[in-house]
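Undergrad: Supplied in structure tokens, the structure appears directly below.
The values are calculated or read from the model by the stated rules, or taken from the named source; none is laboratory data. Everything quoted here is computed from the prediction, not taken from an experiment. FYI the Cβ positions are ideal-geometry reconstructions off the backbone, even for glycines, and counts take in every protein chain you see.
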Amino acid sequence: MEEERKLEEVVGEKKNERIQVAVRCRPFLKNDINRGDLGQLSSRWEPKGERGATTVFCDPEKNTIKVSDLTHVVESRYDKIFDQDSTQHEVFDFMKPGLNDLLTGINCTVFAYGQTGSGKTHTMFGPKWEESVASRLSGGMKNDFFSNIDNHGIIPRTISHLFSTVDMKKHTLYCSFIQIYNEKLYDLLQDPEIEHPLDIREDKNAGIFVEGLTEYVVEKDRDCFILLKRGERNRVTRSTFMNAASSRSHSIFQLLLESNKMDSDGMLMRAKLNLCDLAGSEKINKEEIMNEQHFEELKTINLSLTTLGKVISVLGKKQSKKHIPYRDSKITRFLQDSLGGRTKTFLVAAVSPGEDCVEETISTLKFADRAKQVMVRAKANTFKGSDDALVKRLQKEILHLRDIL
Ligand code: ADP
Ligand code: MG
């Protein structure tokens, strides 16, 4: 790797803080099964009410959530509870402090975790995001998703926020978009017809990187939105090749922010932002397995989410010598330098209000509970810079981007 990629030991801001954990419960949808909650999330907790028992009860003021499976009641408090009335704006506000820290060189990772249909994609991208991109592909979609700002989830809001707050003359922003499907990593900004999983490598100086991953330089929010749509389009196309619903893959939209000017010590700043829409976390239900391929998919999802849970658990334990199983799955390996140590991490655990989902809802809350224990020590990343090399590289990549757009 080039000299300017060299990561140096960091002298910078250090903050000890926990992973920030929010739970978002979506509204009832037509097909949800509920026991007497009349299609509304309960406004009162009635474990044995006249209309039957409440399944999920959110208290956004106390930031608590209660879930009842008729035999047990699980009650937990999180940093934030978002109920059915929560807006995309409020959810964005929860992780916005991470964007402010990004400017000081602190990595930031945001995860949406939860069972399929619980609202992960709604939270990260926006409502009916996949459908709107798919419908655009087939020539439909008069109402462009991007023109309705209220719909925007965390990713489009992040793009708008960064371009309106970061001085792009002093910084460079790179954009990548990946998908992990069946423990293989794909570049969503590359042509999906080229079936070409990429390898994750580690370099003494550069840390974890994906060999051959496209990193576009983005100068305007519009460029970034184009890449976001292109990645999603490729994901939709690829998922038809593979006969896989997008809910069976993890997708990570990554932005890398670098300063263009060295400080007085000749150092440049670099911070990575990972926005992750994880695969659905539901357990394997043997009756629903359609075929061998489907079984493999579910097995690898379980493996990767279990590994993510384990990594988070180990990180939460106070031991000096601990083995952290980053290498046991692609998602944890990819996020290795964004999970431990230097990162500010936010988890949005998405849950459904329906009675039929209660078991998965409780299991999602357990995952969120483990994440709550983890202390992170966010630290700024700086590295030894060389202006010339950096400028040359940027010019090359801008040309490449122009070419493609
Ligand atoms: P997941 O990505 O977890 O599988 P989705 O984000 O696709 O789930 O959500 C499933 C369905 O629920 C979609 O139709 C989505 O529009 C709807 N939905 C999810 N969260 C909300 C919410 N907070 N408000 C309204 N509808 C929602
Ligand atoms: Mg989804």
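Undergrad: Just one of Met290, Met269 is at pLDDT below 80, hydrophobic (A, V, I, L, M, F, W, C) and over 28 Å from Gly126 (Cβ atoms); which is it?
TA: Of Met290, Met269, the one residue that is at pLDDT below 80, hydrophobic (A, V, I, L, M, F, W, C) and over 28 Å from Gly126 (Cβ atoms) is Met290.
Undergrad: Restricting to segment 213-233, give me the number of residues that are touching a Leu at 6+ places or on another chain (Cβ under 7 Å) and over 19 Å from His250 (Cα atoms).
TA: 5
Undergrad: Within segment 68-89, take every residue that is of a type in the set (Ser, Thr, Tyr) and assigned to a strand (DSSP E or B) and give me the one that is farthest from ligand 1 (Cβ to nearest atom).
TA: Step by step, filter segment 68-89, then rank; the result is Ser68.
Undergrad: Restricting to segment 321-355, count the residues that are farther than 16 Å from Thr306 by Cα and away from ligand 1 (no atom under 14 Å from the Cβ). Show your work before the answer.
TA: Within segment 321-355, the subset farther than 16 Å from Thr306 by Cα is 321-322, 337-338, 340-346, 348, 350-355.
If we keep only those that are away from ligand 1 (no atom under 14 Å from the Cβ) as well, we get 321-322, 337-338, 340-346, 355.
Number of matching residues: 12.
Undergrad: Looking only at segment 95-118, count how many residues are within 15 Å of Cys276 (Cα to Cα) and of a type in the set (Val, Ile, Thr).
TA: The number of residues fulfilling the criteria is 3.
Undergrad: Consider Ser251 carefully, then state whether it is at pLDDT 90 or above and of a type in the set (Gly, Ala, Ser).
TA: Judged against the criteria, Ser251 is a match.
Undergrad: Within segment 361-379, does at least one residue satisfy the condition of being part of a strand (DSSP E or B) and either modelled with pLDDT of 80 or more or of a type outside the set (A, V, I, L, M) (or both)?
TA: yes
Undergrad: Of everything in segment 246-279 that's touching a residue at least 24 places away in the same chain (Cβ under 8 Å) and among the small types (Gly, Ala, Ser), which residue is nearest to ligand 1 (Cβ to nearest atom)?
TA: Within segment 246-279, the match that is nearest to ligand 1 (Cβ to nearest atom) is Ser247.
Undergrad: Considering each of Glu4, Glu50 in turn, give the residue that is modelled with pLDDT under 85 and farther than 25 Å from Gly354 by Cβ.
TA: On the way: Glu50 fails: farther than 25 Å from Gly354 by Cβ.
None of the others qualify; the one that does is Glu4.
Undergrad: Residues being closer than 23 Å to Asn285 by Cα and more than 17 Å from the chain's Cα centre (by Cα): count how many of those fall in segment 326-361.
TA: 10
Undergrad: Only one of these conditions is not met by Phe92: (1) within 12 Å of ligand 1 (Cβ to nearest atom); (2) modelled with pLDDT of 95 or more; (3) assigned to a helix (DSSP H, G or I). Which number is it?
TA: The single condition Phe92 does not satisfy is (1).
Undergrad: Still on this structure, I have one more. Could we say that Val133 is modelled with pLDDT under 85 and surrounded by 17 or more Cβ atoms within 10 Å (Cβ to Cβ) here?
TA: Yes; evaluated as a whole, the condition is true for this residue.
Undergrad: Here is a check on your reading of the model: is Gln115 surrounded by fewer than 20 Cβ atoms within 10 Å (Cβ to Cβ), at pLDDT below 95, polar (S, T, N, Q) and within 21 Å of the chain's Cα centre (by Cα)? Lay out the reasoning, then the answer.
TA: Values: surrounded by fewer than 20 Cβ atoms within 10 Å (Cβ to Cβ): no; at pLDDT below 95: yes; polar (S, T, N, Q): yes; within 21 Å of the chain's Cα centre (by Cα): yes.
No, not satisfied.
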